[in-house]
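Worksheet: one structure, shown below.
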Amino acid sequence: MLQIHPGAGRKHPIRQGTCSGVSTMKILRVVLSCVLLSAIIATAQSTDAAAKPAAPASAGTVKPDKAQAYYHYSLAHYYEDQATMTGRSDLVSKAVDEYRLASQFDPESGFLDAEMAELYAKTGRIREAVDQAEAILKRDPNNLDARKLLGRIYLRSMGDTQAGPQSRDILQKAIEQYEAIVRLEPNDIDNHLLLGRLYRLNNDLLKAEAQFKAAVAMQPDSEEAVTSLAYLYNEEGDTSRAVKVLTNVANSSQSSKLFAALGYTYEQQKDYKKAIDAYKKSVELDSDNLDSVRGLAQNLLNDGQTEAALEQYKAITEADPQDAQAHLRIAELYRRTGKFDQALESLKKTSSLVSDSLEVPYNTALVYEAQGRYEEAAQILQGLLKKTEKPALEYTAGDKNNRSVFLERLGTIYREEHKTDASAAAFQQMLQLGDENASRGYQQIVETYRDAKMWQKATDVSREAAQKFPNDKQLKMVYASQQADMGQGDAAIAQLKSLLKGTPEDRDTYIAMAQVQARLRHWAEADAALDEANKLSKPDERDYIAFVRGSILERQKKYDEAEAAFKQVIASDPHNATALNYLGYMLADRGLRLDEAISLIKKALVADPQNGAYLDSLGWAYYKQGNYDLAEENLRRASEKIANDATIQDHLGELYFKTGKMKLAAAHFERALAEWNNGVQTDADPSDVARVTKKLESAKVKLAKESAQAVKE
């Protein structure tokens, strides 16, 4: 005879409850032996329907009968187990029928109702499960099993629905159930954690904090409780409290997960060295925790330790060859370090792991751009734009962001190719995407016209943008900058002063004011504005203040102070290309520490190898070193990148004058003067204009002498 235990596979086949009938059934279960129960079930399988006790005609005509209730419950349980093992839907139906019969013989049993609700839920009959559980709660609002069942159903449903009113409604229902569960079972830490997470989803952070605190109070060393509270503090921007919560855990209870949370918290504070240490400890405790390895790699990258970051990303791909994001980051690091062939190879691997990716072709375009393969890069970006095109009203926020990124990159490439109209047209399309995308589009159009020295167009566009978006401070600052360039210095300063609100957001306005004052050569006012900006800056924002200050000091020829400012930036960010180039050029221009200057500029070019200004700096450093061949190579490349830059033309003129090529020297000196004349007043240093004018005259004199000598010969 087949021996079947009625509770097989169930944690609580029969539970003591608050509803009537359960205690009697529990007693019967004890009395009945396994053998007798098996015989009942076996008989039920082998006899026909006629031999089976007849189902009552209606619940109202049935007399309570605990034995019959238990009989049908046992059969229901058997069919349920069999359905679970075989997947047969007919057995599910039989189980439901038996549960109904059991309930008719014991209509007051909340336990039987709960078991039927569980069966409905497990077999996907969610509406019936909810109805059954709600019916139980109408009779007994404190029925914990019914509350937990409804809670689980709502949690599963949240994962199945998209964002919107329906999702919010389900979230509220889940919160309602778990609030009751916490009230009924207040000493269960998991209940507090779950309710806290639901509150967090609902953006009710204070209530979430209360639940996580309650969980920590119950178990101060609970990994889940401590990390949940710490991540919540991070979300609120209170990283100091997050650190305190995480570091208060006893040493014996510190885990990989806790150190990972601590690393994340330090990362939010931009304390990358501490973040690296925390993630290293996390990895030491659990080398298989790839999330911690990813955190370590990212913070090594944040700290400027590019090679170390690359090694960690390689370790991730060795542990998980299918990790497309790690391959993508490796490609990015190869691109940043100028290893373009390896970057493309890594992107090829990534492409084989993900289908229909936007990131892979976009990053490929970035590599092509860095290589100077502008046409190929532009083709890829045009393809991405076509692929993501939709009717205007169907764009999601994510769609708009993607298209904005693609358009901005495409416009920048056209600008590099000196295709002013195509560049402006690409940025113009960003205006249709609205909000921040439109603001960025306007700023880039202004920059494109400035690059082409179309000053009036740049000013007209900046005015249009400021009028169209009167609450956009950034666009108003761009307009003020244009006013200063067009000789309207007082209007520009007045415009910027009108933006000051006496709040921390004034920082950007003071920076813009300092830059405008510097263009107007109002050095004391520029310095004062930077002081105000510095007061409003967070520690990690002060590097940019130092860079702007260094550039203003350099224009005043206060070179030692400027050098100190640039070194401050580089000490904090060793890969800051603009600071590396500026310091390198400043040294080269004065003929100082030329080997150091060349090293600094080369580091800048690793980050941006197609940058015309950096190429000019390197060429000028080689010129000062007396390495004229390398000087010419880099200066000519710089001229190809930025043909209308007066300084580059001046440098080429100096090179050719020095090497006796007077005709070329005169041509480039003339171009330098023409570009200064075509620029804005604030661009040209009068002493530079006077020097180049004198050099041009000298070159012409030498050319005349050479011509006269040639006639005599």
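Just so it is clear, none of the values below were taken in a lab; they were calculated from the coordinates. What you are looking at is a predicted structure, and each value in this text was computed from that prediction instead of being measured. Reconstructed Cβ throughout: ideal geometry from the backbone, glycine too, with neighbour counts over all protein chains shown.
At a glance:
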item	result
Cα long-axis angle, helix 110-122 against the chain (0 to 90 degrees, to the nearest 10)	40
Ordering of 427-437, 81-91 by burial proxy (mean other Cβ atoms within 10 Å per residue, highest first)	427-437, 81-91
Whether segment 546-622 is rounded, prolate or oblate, judged on the alpha carbon gyration tensor where a/c under 1.5 counts as rounded	oblate
Debye log10 I(q)/I(0) at q = 0.11, 0.26 Å⁻¹ for segment 462-534, Cα point scatterers	-0.23, -1.19
Computed [θ] at 222 nm, deg cm²/dmol, the chain (DSSP H ≥ 4; -39,500 (n - 2.57); rounded to nearest 500)	-24500 deg cm²/dmol
Radius of gyration, Dmax [segment 643-713; alpha carbons; angstrom]	13.1, 48
Cβ-placed point charges (K, R +1; D, E -1), dipole of segment 643-713 about Cα centre in debye, nearest 20	480
Highest-first arrangement of 247-259, 405-417, 474-486, where packing means the average Cβ count within 10 Å	474-486, 405-417, 247-259
Distance in nm between pseudo-label sites at residue 290 and residue 564 (7 Å out along the Cβ direction from Cα)	5.0
Cα shape, segment 587-661, gyration tensor, a/c 1.5 rule	oblate
Electrostatic dipole magnitude of the chain [Cβ: Lys, Arg +1; Asp, Glu -1; Cα centre; debye, to 20]	420
Cα lying deepest toward the dipole's positive end in the chain, options 203, 154, 218, charges on Cβ	203
Square roots of 5 times each gyration tensor eigenvalue, C-alpha, the chain, largest first, Å	75, 26, 25
nm² value of the averaged projected area, convex hull over the Cα atoms of segment 533-572	2.6
Cα-based shape type of segment 445-575, given that a ≥ b ≥ c are square roots of the gyration tensor eigenvalues and the cut on a/c is 1.5	prolate
Unit charges on C-beta of K, R, D, E only; dipole of segment 538-621, Debye	140
Farthest toward positive dipole pole in segment 462-534 [+1 Lys/Arg, -1 Asp/Glu at C-beta], among 518, 495, 462	462
Computed Kirkwood radius, in angstrom, where 1/r is averaged over Cα pairs of segment 257-365	14.1
HN-Hα J in Hz across segment 68-83 - Karplus 6.51, -1.76, 1.60, θ = phi - 60°, x for Gly and Pro	5, 4, 5, 4, 6, 5, 4, 5, 4, 5, 4, 4, 5, 5, 5, 5
Förster radius 22 Å - calculated FRET efficiency between residue 375 and residue 425 (Cβ-Cβ, nearest 0.05)	0.85
Among 617, 684, 649 - extreme Cα towards positive end, dipole of segment 562-713, charges at beta-carbon	649
